[in-house]
Ligand code: NAD
């Protein structure tokens with residue numbers, strides 16, 4: 001007899017969770033149900049070869065449980081690459097809470113989530129992500145030690161943006177050195193998309209370094225602030241892709257390197273803080289074919305994860321900044337791998353992460369050189 005739970009629904013094959021986990025070597029997928037708070041949460045642990053799995057908790061009104069599982073798995077795997085490539089002794093994981101953060105997020109629910117994290121006894125370390133803010137992290141901390149990204153108090157890392165921005169500048173210098181034979185910012189032109197927390201700090205470094213800086217944002221007051229503070233050149237949001245410059249620095253949203261924008265770019269380098277800059281891997285290939293050097297986002301923006309990971313052993317901002325400075329060397333290593341293999345840098349970044357994990361243990365390789 002057919003098991004109704006696995007019967008086809010509307011012609012769609014039900015997802016085989018074990019097949020999905022086997023595909024990329026996930027270690028563990030854990031579900032939590034708490035009646036009192038209404039918590040429905042999932043923790044995905046991708047790989048703990050290098051250390052405990054670090055990754056934020058996302059709260060989102062997923063349309064289906066399958067969507068939530070897929071998101072947790074996808075994001076956890078991304079964290080394995082991010083922490084490995086950043087040189088951290090941490091693995092990759094992610095948590096998702098199914099619900100609308102504007103309506104369903106309560107102290108009871110966050111504390112129930114904290115207790116769920118605690119059951120894993122440090123195999124997974126949580127942090128903030130979409131729908132979960134630094135103040136929520138403080139509530140989760142009431143129930144578990146295994147949480148980072150605290151905004152204040154003893155051992156807190158505080159706002160990671162200055163560390164992220166500094167890391168981006170270090171990575172950008174490595175790119176400038178490779179393209180122009182000189183890593184100096186002086187006289188270079190940079191177009192910064194988004195001048196929020198990270199973008200603002202990047203513009204400060206660029207201006208102080210003597211670069212010519214173009215800026216844009218969707219909020220006029222944010223543009224006004226950087227223009228006033230640093231005397232930079234404002235442009236409209238849509239114009240930023242067409243600026244003739246040395247570096248395009250995306251610091252706003254993901255997916256900005258896409259089929260519509262990639263051929264408009266008139267820069268030699270793409271180096272910015274935004275997560276998931278490539279709408280699709282093929283746009284990384286397109287940048288490569290166009291002779292534009294792409295600093296892979298999760299390598300160059302690793303200052304954020306470096307900053308929160310510093311909380312694990314007692315936070316020290318100077319140490320976090322010191323580690324972020326290594327992004328210069330990580331970007332150089334990525335460019336070396338790419339040049340030696342004749343491959344785009346986004347593929348080289350995966351290789352860098354996989355090679356580090358493979359030296360210690362096991363990893364499902366996606367690119368075989
Ligand atoms: P933020 O929200 O403070 O700043 C983003 C800015 O981009 C805002 O000012 C927003 O108005 C602007 N923006 C949005 N859409 C835009 C558009 N279409 N054109 C121009 N501007 C637009 O965020 P943030 O903390 O500065 O982070 C920026 C990016 O860096 C994000 O992608 C984030 O995921 C990534 N990142 C941040 C950190 C960190 O430490 N904060 C670490 C790693 C990665």
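Values in this text are rule-based calculations from the coordinates and carry no lab data. The shown structure was predicted, so the numbers you read here are calculated from the model rather than taken from an experiment. A quick note on method: Cβ atoms are made from the backbone with ideal geometry, for glycine too, and the neighbour counts reach across all protein chains shown.
Taking residue 298 and the conditions (1) in a helix (DSSP H, G or I); (2) more than 13 Å from the ligand (Cβ to nearest atom); (3) under 30 Å from residue 134 (Cα atoms), which numbered condition does it fall short on, given that it satisfies the others?
The single condition residue 298 does not satisfy is (2).
Give the number of residues within region 213-246 that are within 11 Å of the ligand (Cβ to nearest atom), surrounded by 15 or more Cβ atoms within 10 Å (Cβ to Cβ) and not in a loop (DSSP other than H, G, I, E, B). Walk me through how you get there before you give the answer.
Looking only at region 213-246, we keep the residues that are within 11 Å of the ligand (Cβ to nearest atom), and these are 215-223, 225-226, 235-241.
Keeping just the survivors that are surrounded by 15 or more Cβ atoms within 10 Å (Cβ to Cβ) gives 215-217, 222-223, 225-226, 235, 240-241.
From what is left, the residues that are not in a loop (DSSP other than H, G, I, E, B) are 215-216, 222-223, 225-226, 240-241.
Here the count works out to 8.
I'd like the residue in region 156-184 that is part of a loop (DSSP other than H, G, I, E, B) and touching a helix residue (DSSP H, G or I) at 6+ places or on another chain (Cβ under 6 Å) and, out of all such residues, is farthest from the ligand (Cβ to nearest atom).
183
When you look at residue 291, is it more than 11 Å from the ligand (Cβ to nearest atom), part of a loop (DSSP other than H, G, I, E, B) and more than 23 Å from residue 130 (Cβ to Cβ), yes or no?
yes
Residues of region 43-73 being within 22 Å of residue 112 (Cβ to Cβ) and assigned to a strand (DSSP E or B), which ones?
The answer is 43, 44, 45, 53, 54, 57, 58, 59, 60.
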